[in-house]
């Protein structure tokens, strides 16, 4: 199996390794390759993957074809459309403007886009960022208006669709509901404040300073993009149909083209900010939204905070017209990976977790150990034993529940149609779990 490593990346890796080193776990290349094996053939679309640890690209490879017409293979240099992973770059433009004092995050958006209706409560710039604006989603509006989402539609036409909405889903700040309308308006805001398009502003202020030479917001559908992947959808067994978004040129909610190598440079900036005139850039980017109720969201500037088997992650996914992307960071491990795909049936979010299972197997098993033990239910006089088996929690000594318990969310696992939610005491120790199903809830098992 061929791995593609350009000369420039080899030099970069050697330089960074000499400066920072890499004392992380040894990567199992074969196990990573296995995750992509079903697409690793010339007649299939596939993915590019990059894994970054301690300032080094520890793994990068391509699987499948970027263009089935010519059988052009995917490599780490292949340029992909990354869908909503783009949002953090749109948010980054807003963060730069805010850090430089050109805008305030609590400004009424009508200060910059007065065409919008005057709602009962003003929509702030940060409401757009955190999806708390209440604005109805642009792509939902386009569908209802019988406008082709992947067609040629100008930014002015999109703004017109948004501004014609006299009502909101909710009062700004009261709820979180993901909305592409907000990020469309952010692209307009950047242009009106800076005098440059989102593409030009990010090129000059982000991509060029960081050396991201293969990254741009695609606002010209006629433009030729060297090494670009086309996207596909399954058509029939072992067949594919083209799903390439040839006419689409919307930027803000999406629109970014990039590579796994360029995203490494972006990822490193989260540890050591190199963007001029923006000393608080990283702090702003990691600021979470807060609702009017006082509840803090798990969403920051185009970045979602999450947890997986004790690993605290920050990332985002993207999906559009056959392109799929996922970016996950584990900051306290100085680790990240990115998966860029050109086949709509691939779920890079699932693969992202599988990569973490491979790379952090020992740490995950250590994290899962706090859930192991014997648990009993006094009402039924039954017990079960939870152990770790093949890197997963596993129930024994209970015939109905015997088997792997799959991770679902923080302290929550699933076994078939049953949900197992672990309960902690005041010292954050696991003291038991609740079993829930549709017709039987809150059945408590106490840890012995």
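Some observations on this one:
- Any hit, segment 210-232, residues being on the phi < 0 side of the Ramachandran plot and part of a helix (DSSP H, G or I): yes
- Residue check for residue 401: touching a residue at least 12 places away in the same chain (Cβ under 8 Å) and within 22 Å of residue 305 (Cβ to Cβ): no
- Hey, residue 104 in contact with a helix residue (DSSP H, G or I) (Cβ under 8 Å, 6 or more places away or on another chain) and free of Cβ contacts under 8 Å to residues at least 40 places away in the same chain or not: yes
- Filter result for the condition that a residue is crowded, with 22+ Cβ neighbours inside 10 Å and either out of contact with any helix residue (DSSP H, G or I) (no Cβ under 9 Å at 6 or more places or on another chain) or not in a loop (DSSP other than H, G, I, E, B) (or both), over 87, 166: 87
- When every residue of segment 90-101 is checked against the conditions, none turns out to be touching a strand residue (DSSP E or B) at 6+ places or on another chain (Cβ under 7 Å) and either under 16 Å from residue 191 (Cβ atoms) or in contact (Cβ under 8 Å) with a residue 40 or more places away in the chain (or both).
- Lone unmet requirement of (1) in contact (Cβ under 8 Å) with a residue 24 or more places away in the chain; (2) assigned to a loop (DSSP other than H, G, I, E, B); (3) under 28 Å from residue 128 (Cα atoms); (4) touching a helix residue (DSSP H, G or I) at 6+ places or on another chain (Cβ under 9 Å) for residue 263: (2)
- When residues of segment 249-297 are limited to those that are surrounded by fewer than 23 Cβ atoms within 10 Å (Cβ to Cβ) and on the phi > 0 side of the Ramachandran plot, the one modelled with the lowest pLDDT: 277
- Scanning segment 169-191 for residues that are assigned to a loop (DSSP other than H, G, I, E, B) and free of Cβ contacts under 8 Å to residues at least 24 places away in the same chain returns no hits.
- Whichever residue in segment 120-149 is part of a loop (DSSP other than H, G, I, E, B), touching a helix residue (DSSP H, G or I) at 6+ places or on another chain (Cβ under 9 Å) and surrounded by fewer than 20 Cβ atoms within 10 Å (Cβ to Cβ) and, among such residues, is modelled with the lowest pLDDT: 149
Okay, residues lined up against (1) within 19 Å of residue 351 (Cβ to Cβ); (2) assigned to a strand (DSSP E or B); (3) touching a strand residue (DSSP E or B) at 6+ places or on another chain (Cβ under 9 Å):
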position	(1), (2), (3)
257	no, yes, yes
268	no, no, yes
272	no, no, no
279	no, no, no
307	yes, yes, yes
313	yes, yes, yes
316	yes, yes, yes
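- Of all residues in segment 228-241 being in contact (Cβ under 8 Å) with a residue 60 or more places away in the chain and either in contact with a helix residue (DSSP H, G or I) (Cβ under 9 Å, 6 or more places away or on another chain) or under 12 Å from residue 343 (Cβ atoms) (or both), the one that is surrounded by the fewest Cβ atoms within 10 Å (Cβ to Cβ): 233
- Taken over segment 318-335, the criterion of being part of a strand (DSSP E or B) and touching a residue at least 60 places away in the same chain (Cβ under 8 Å) is satisfied by 318, 319, 320, 323, 324, 325, 326, 327, 329, 335.
- Residue in segment 290-299 that is under 28 Å from residue 231 (Cβ atoms), over 14 Å from the mean Cα position of the chain (by Cα) and not in a loop (DSSP other than H, G, I, E, B) present: no
- Residue selected from segment 45-74 under the condition more than 20 Å from the chain's Cα centre (by Cα) and buried (at least 22 other Cβ atoms within 10 Å of the Cβ), by the criterion farthest from residue 228 (Cα to Cα): 56
The values are calculated or read from the model by the stated rules, or taken from the named source; none is laboratory data. Source: prediction; values computed, not measured. Because the Cβ atoms are built from the backbone with ideal geometry, glycine has one as well, and the counts that use them run over all protein chains shown.
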